[in-house]
Amino acid sequence: METNILRLAIQKKGRLADNSLELLKSAGIRIDNYSQQLLIKANNFDLELLFIRDDDIPEYVQDGIADIGIVGENVILESGKQLKTIEKLGFGKCRMSIAIPKMDSFNSIKDLVGKNIATTYPKILNNYLSANNINAKVHYISGSVEITPNINLADAIFDIVSTGSTLISNGLKEVETVLKSEAVLISNNNLSESKKLLLEQILFRIRAVNQAKNNKYILLNAPNESLQKITEMLPGVKSPTIMPLAIEGWSSVHTVISEDDFWNKIENLKNAGAQGILVLPIEKIIV
Ligand code: PRT
Ligand code: ZN
């Protein structure tokens, strides 16, 4: 008989582990007695979590050992598996770049012809090099790729970069960004109808949480004659709510605004006459 529990593979330990659990928690999925077991069932949802190394997640999901997974796009690409990306999750953001010793010159990727490049991601690098007709030697190294130029094991490296401080402290400079990556939700291609339904429910919650994260609730007071100008700047989910203040000639405007948008518009709002601006976090948004 087909079991009606959706199995989600997440990273057991590492950069994505905390954020993955945090996302589930904010989506209202409770996981009690969590103590790094391999497999654990959620308390209030037909979901079980499988904790594994991130490199194993694409294969587990492709083979149906897990139904869905949370993993970095870089890991999926390197695995070469054909998996459905269901949703970008907004954490684990990084880029994959080529770096060389900081004193070496670099004009274009043509300078890599004939060079030795060390990486943990040979498949992505080889694809990139062949797409650009660059003939270079790719060397697989399982860790600490950034030290290889210093010990003359390689002329260049291809690795994950986020702040760039690892490159700098190893005397390297980033010369070419090959791709950008973040954590994504992936799914097996042959989910049963009942599992698809569970996935839809989880996805609905994840979207509500992630939408809310990027948005703020904004309240402000404005003289009635500025209302039109101000509401044009604040489209909101549908349109702003406008309520009269106890003082004649003034209104309170409530709406939702993206965090970035807020910083771009704040000056214009003030110039248009907005006062007493409050910005509050939102827990969930269902549009
Ligand atoms: O044990 P397991 O195999 O599960 O974990 P792992 O060691 O393979 O992966 P982990 O936990 O290090 O990273 C998991 C995922 O996080 C990666 O696959 C990426 O998708 C994402 N990610 C985001 C990163 C980084 N940022 C990152 N900065 N992965 C690795 N790094 C490394 C980078 O290679 C560099 O050496 O962190 C170092 C510091 O980076 P800077 O540029 O901030 O100095
Ligand atoms: Zn890994």
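A short reminder: the numbers here are calculations on the coordinates, not readings from a lab. Quantities reported herein were computed from a predicted structural model and do not represent experimental measurements. Note: ideal-geometry Cβ built from the backbone for every residue, glycine included; neighbour counts use all protein chains shown.
Tabulated data
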read-out	value
The stretch 94-181: Cα Rg divided by the 2.2 N^0.38 Å rule of thumb	0.95
Degrees separating the helix 259-271 axis from the principal Cα axis of the chain, which is the longest one	40
Peptides ranked, highest mean first, by Cβ atoms within 10 Å: ranges 245-256, 73-84, 48-59	48-59, 73-84, 245-256
Among beta bridges that DSSP assigns inside the chain, antiparallel share in %, nearest 5	75
Evaluated over the chain, the Cα radius of gyration and Dmax, each in Å	24.5, 77
Whichever lysines have a C-alpha closer than 30 Å to that of Lys110, once near sequence neighbours (fewer than 8 apart) are set aside	Lys81, Lys93, Lys102, Lys123, Lys137, Lys173, Lys180
Between the stretch 158-210 and the stretch 112-142, the alpha-carbon center distance in angstrom	22
Near-label residues of the stretch 213-232 by backbone N, under 16 Å of a point 7 Å along Cα→Cβ of Ile247	220-227
Charged-residue dipole, Cβ positions (Lys, Arg, Asp, Glu), the stretch 214-281 about Cα centre, Debye nearest 20	80
Net dipole in debye of the stretch 94-181 [+1 Lys, Arg Cβ; -1 Asp, Glu Cβ; about Cα centre; nearest 20]	160
Sites Phe204 and Ser105 - FRET efficiency at Förster radius 35 Å, r taken between beta-carbons, to 0.05	0.10
At most 10 other Cβ within 10 Å, DSSP loop - trypsin sites (Lys or Arg not before Pro), the stretch 213-274	Lys238
P(r), alpha carbons of the stretch 214-281 - 10 Å bins starting at zero, rounded %	23, 60, 16, 1
The chain - charge dipole about Cα centre, Lys and Arg +1 at Cβ, Asp and Glu -1, debye rounded to 20	40
